[in-house]
Amino acid sequence: MTLVENEEILRDDLKYYFMSPCEKYRARRQLPWKLGVQILKIIMITSQLILFGLNNQLVVSYKEENAMTFKNLFLKDYSGVDEEDYSVALYSQQAVYDSLFYVLDQYRQLGRLSVGPISYAEEDGKLLPLVICKEYYKRGNVEPSDEAYDIDAQLEKVCMAHDPTNVSQWKAENVSFFNLEFYRLVDIKITFQLKGINLQTVRSHELPDCYVFFVTITFDNQCHSGKIKIFLDIDALSSACKNWKISGTAQKNTHYLLVFDGFVILVCLTSAVLCTRSIVLAVKLLQRFSRFFRENYNHKVCKTDEKEFLNGWYVLVIVSDAMAIVGSILKMEIQAKSLTSYDVCSIFLGTSTLMVWVGVIRYLGYFQKYNVLILTMKTAFPKVIRFCCCAGMIYLGYTFCGWIVLGPYHEKFEGLSRVAESLFSLVNGDDMYTTFAQLKDKNSLVWLFSRIYLYSFISLFIYMVLSLFIALITDAYDTIKNYQKNGFPMTDLQRFLREQKDFPPSEEGSEMDTETGMGHPALCCCRRYSNVKIALPHIIKISITDNLILSKVPFYDDGSIVC
């Protein structure tokens with residue numbers, strides 16, 4: 001086969017590889033299988049996410065409402081609203097005893113109190129006992145009036161269990177256990193198990209789940225500040241009910257959902273295989289192209305042209321397919337009542353759906369009027385990352401400073417994560433006045449420091465950092481718009497596809513490349529040349545988004561930059 005024939009075959013393969021699905025169909029009448037699979041996958045994964053989301057909402061609402069029910073049932077004087085994560089605060093010894101015995105009495109009367117299908121947990125036909133544990137210092141003697149104390153810091157833990165049916169007798173027999181020495185007491189924990197059935201799923205034609213609730217009520221006295229906080233936490237474990245019978249219109253449709261999830265897995269596997277095949281073909285095509293240039297033109301393919309063959313969209317699709325497969329398997333396990341990892345499944349399904357919909361932008365990028373976002377993001381991304389690294393150092397400095405200085409005086413600066421969130425809201429102009437107004441002015445020095453701290457942070461990040469951040473993106477956008485209007489610089493690959501053979505000899509040098517889509521490079525692989533004669537150079541000045549000004553750039557007569 002002659003050189004001309006090899007060149008024409010390679011050029012045809014390259015042109016076909018970089019065609020859009022519609023162009024491939026018009027060129028060779030080959031159906032766009034990958035496009036069809038992606039459209040089908042979008043529909044199926046979105047439908048799967050919606051179905052799982054609706055079911056997950058029922059589960060989450062059931063758990064949250066049961067948690068609120070238990071707080072109202074077992075916590076004395078509960079107001080219905082938690083403050084700083086604790087439910088009730090106690091300030092007297094009598095209030096502690098009353099609240100402690102109130103939990104025991106309410107637990108004994110649970111069957112007559114609860115309006116929901118809740119009952120005691122049983123094992124082998126016996127009720128599981130309620131367990132009370134108190135933790136305290138091994139030995140202690142405190143005399144605040146004499147400013148004296150004698151504490152053994154070693155902790156001891158004493159637990160007792162009882163049957164809920166004989167609470168009164170049990171309290172009378174264990175009076176010494178409830179004789180609390182508060183200066184030694186660290187905390188009291190009451191744990192018990194309850195069982196319930198989520199009947200609301202019957203309306204959605206699904207089998208109700210049976211739940212086991214692990215309830216923990218903690219009387220926290222670790223601070224020894226005269227304020228004991230009561231926390232109520234629950235962990236819920238769902239499982240398939242052993243004995244069930246449903247009559248009427250409700251039917252079990254779990255197997256239909258399992259079949260649907262299996263079909264989603266099959267579609268995602270097909271998509272991943274097709275994308276992997278395309279990546280392999282692209283690598284082989286790049287090797288052919290590089291070998292052809294090296295053997296026939298003694299020319300090395302530049303990095304920009306090499307990146308055109310490595311399509312990042314395929315990698316994104318493969319990752320989204322893998323996450324969708326894992327999420328679908330977890331969803332099937334949840335429906336089969338083998339797992340209860342709703343949160344993990346939601347992360348996999350939600351992230352895969354996000355990636356699938358982001359991947360749609362790839363097909364819009366084939367149209368010049370719709371690919372401005374893609375090109376701008378690709379052009380600005382490297383500079384934005386470098387800029388964020390520099391600005392992040394200043395941001396971290398303000399975060400640590402605000403936490404250590406303002407933390408004791410302002411609720412928005414009590415923890416590092418809360419400080420970072422508060423500063424981020426300030427950058428976006430949220431809650432500025434309340435942040436200033438909520439600072440406690442008991443310490444004049446801290447109040448003055450807070451004003452300097454907040455004013456300097458807001459001025460620096462809103463007026464300078466944020467403005468420069470926007471300027472970087474705007475500069476990249478203006479560059480892309482200018483190229484779309486006046487034409488993009490041509491690379492070696494594009495010159496080859498247009499059957500232009502005047503490739504200049506290349507030498508190793510500095511490279512300035514910004515990734516863009518095929519056919520629209522923002523800046524070709526420009527190298528420094530030494531002792532190379534350029535025919536008819538044009539003297540121009542180009543504004544480069546890398547904050548460089550290139551003058552006297554050698555151009556060919558057709559307006560393309562010498563690569």
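Close Lys pairs in the stretch 375-486 (alpha-carbon distance under 23 Å; sequence gap of 8 or more, or different chains): 5.
Straight-line reach from Lys227: taking Cα to Cα under 20 Å and skipping same-chain neighbours fewer than 8 places apart, the lysines in range are Lys71, Lys76, Lys134, Lys189. Could you check how many percent of all C-alpha pairs in the stretch 375-486 are farther apart than 22 Å? For the stretch 375-486, the share of Cα pairs beyond 22 Å comes to 42 percent. Annotation for Val344 and Glu156: the two label points, set 7 Å from Cα along the Cα-Cβ direction, are 4.1 nm apart.
Taking all protein chains together and rolling a 1.4 Å probe, Ser61 ends up with roughly 40 Å² accessible.
Calculate how large, on average over all directions, the projected area of the Cα convex hull of the stretch 1-152 is; give the answer in nm² to one decimal. Walk me through the numbers on the way to the answer.
Numbers: hull surface 100.7 nm².
Averaged projected area of the stretch 1-152's Cα convex hull equals 25.2 nm².
Between amide H atoms placed 1.01 Å from N, distances below 5 Å from Asn221 occur with Asp187, Ile188, all of them 5 or more places distant or on a separate chain. Cross-link partners of Lys337 among lysines, defined as those whose alpha carbon lies under 27 angstrom from its own and excluding same-chain residues fewer than eight positions apart: Lys41, Lys63, Lys126, Lys195, Lys242, Lys245, Lys252.
Taking amide hydrogens as placed 1.01 Å from N in the peptide plane, the amide H of Leu130 sits under 5 Å from those of His162, each at least 5 positions away in sequence or on another chain. Model label sites at Gln222 and Glu306, defined 7 Å from Cα along the beta-carbon direction, differ in position by 5.4 nm.
For a straight C-alpha distance cut-off of 12 angstrom, the aspartates and glutamates reachable from Lys138 (same-chain residues fewer than eight places away being disregarded) are Asp150, Asp152, Glu156, Glu181. Solvent-accessible area assigned to carbon and sulfur over the stretch 408-483 amounts to 63 percent, based on a 1.4 Å probe.
Keeping all protein chains in place and using 1.4 angstrom, which order do Val267, Val131 fall into by accessible surface area, from largest down? The partial results should precede the final answer.
On the way: Val267 15, Val131 45 Å².
Output order, biggest surface exposure first: Val131, Val267.
With all protein chains in place and ligands, DNA and RNA left out, the 1.4 Å accessible area ranks Arg26, Arg288 as Arg26, Arg288, largest first. State the Cα centre-to-centre distance between the stretch 56-86 and the stretch 360-393 in whole Å. The two parts, judged by their Cα centres, are 45 Å apart. For Ser417, the accessible surface of its heavy atoms amounts to roughly 70 Å² (probe 1.4 Å, protein chains only, rounded to the nearest 10).
Could you work out how far the C-alpha centroid of the stretch 177-200 sits from that of the stretch 419-443, in angstrom? Centre-to-centre (Cα) distance: 38 Å. Close amide H contacts of Val88 (hydrogens built in the peptide plane, cut-off under 5 Å, sequence separation of 5 or more or a different chain): Ile230.
Based on the Cβ-Cβ distance from Cys241 to Phe381, what FRET efficiency comes out when R0 is 60 Å, to the nearest 0.05? Each step should come with its number before you reach the end.
Working: r = 52 Å, r/R0 = 0.87.
With a Förster radius of 60 Å, E is 0.70.
Measuring only protein heavy atoms, the 1.4 Å probe finds Leu416 accessible over about 70 Å².
Label-to-label distance, Gln287 versus Leu110, with points set 7 angstrom from Cα along the beta-carbon direction: 6.7 nm. Couplings 3J(HN,Hα) for the stretch 456-463, derived from phi with the Karplus relation 6.51 cos²θ - 1.76 cosθ + 1.60 (θ = phi - 60°), are 5, 5, 5, 5, 5, 7, 7, 7 Hz, where x marks Gly and Pro.
The values are calculated or read from the model by the stated rules, or taken from the named source; none is laboratory data. These numbers were taken from a predicted model, which means no experiment stands behind them. Positions of Cβ are backbone-derived with ideal geometry, glycine not excepted, and every protein chain shown enters the neighbour counts. Keep in mind that these areas ignore ligands, DNA and RNA; they rest on the heavy atoms of the full protein, side chains included. Shrake-Rupley method; radii C 1.70, N 1.55, O 1.52, S 1.80 Å.
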